[in-house]
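This report refers to the structure that appears directly beneath it.
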Amino acid sequence: MRAILLVPLATLGLLGAVLTFDLRNASAHGDIPPPVPTGSRLITAKQASFDPITMFVDAGQTIYFRKMSGHNFETVDGYVPEGQEKIYTDLGKDVELAFDVPGIVVYKCTPHWGAVMGGILVVGDPPNLKDLVEEYREKAESDNENGVLSLLEVLDEHIMDRELG
């Protein structure tokens, strides 16, 4: 797919210009990631962070991880719902994932976990979300998992924003 951008002459001071962008390979070149299907969600890797860091998703909803050059996705052991399988993706590969088990999934970029490159997915609508957050916080304090503690702080803010509406 190509997009054509016509630029007004006065803007460029030229006789005319047509700029084209090849959207098929946009994410490979660090430009805009390709669009995701309607009803899906998008998380992009940006230097040493994921954007957004926290996301609420429906059970079974597809999440696209884009711009993953130099990054991967790995669930953090002990910080996923019971019954959720371990996920570890190849480095540098864009991926599409869906989660069916309701609860909190903490994930990281393995090579950049020291810089706390990770995120949290809240899958479904767990009725005991605040209790789960507190359970994860206590476990993270006990395990000295400072990265998980940092991500839980971001989740707390996200939950508060949702409650305030």
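No lab work stands behind these numbers, since they all come straight from the coordinates. Owing to the predicted nature of the structure, the values given are computational and were not obtained by experimental measurement. Ideal geometry is used to build each Cβ from the backbone, glycine not excepted, and the neighbour counts take in all protein chains shown.
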Tell me which of 158, 119, 147 sits at the most positive position along the dipole axis of segment 113-165, charges placed on C-beta atoms (Lys, Arg +1; Asp, Glu -1). 119
Please check which bits of segment 95-131 a label hung off residue 138 would reach, taking the label as a point 7 Å along Cα-to-C-beta and the cut-off as backbone N under 19 Å. 103-106, 127-131
Under a Cβ-Cβ cut-off of 13 Å, what is the net charge of the residues other than residue 163 that fall near it, where Lys and Arg count +1 and Asp and Glu count -1? -1
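Grab the beta carbon distance between residue 115 and residue 38, set R0 = 41 Å, and tell me the FRET efficiency rounded to 0.05. Kindly include the intermediate steps, with their values, before the conclusion.
Values: r = 33 Å, r/R0 = 0.81.
According to the calculation, E is roughly 0.80.
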Cα-based reach from residue 67 at 16 Å (exclusive), listing lysines while leaving out same-chain residues under 8 positions away: 46, 93, 108
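Taking 0.36 nm per residue of separation and subtracting the Cα-Cα distance, what length does fully extending residue 100 through residue 149 add?
15.2 nm
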For residue 117, enumerate residues with amide H under 5 Å from its amide H, sequence gap 5+ or separate chain, H modeled in the peptide plane. 109
Would you kindly derive the ³J(HN,Hα) couplings of segment 126-134 from the backbone phi angles with the Karplus curve 6.51 cos²θ - 1.76 cosθ + 1.60 (θ = phi - 60°), listing them in order in whole Hz, with x for Gly and Pro? x, x, 10, 4, 5, 5, 5, 4, 5
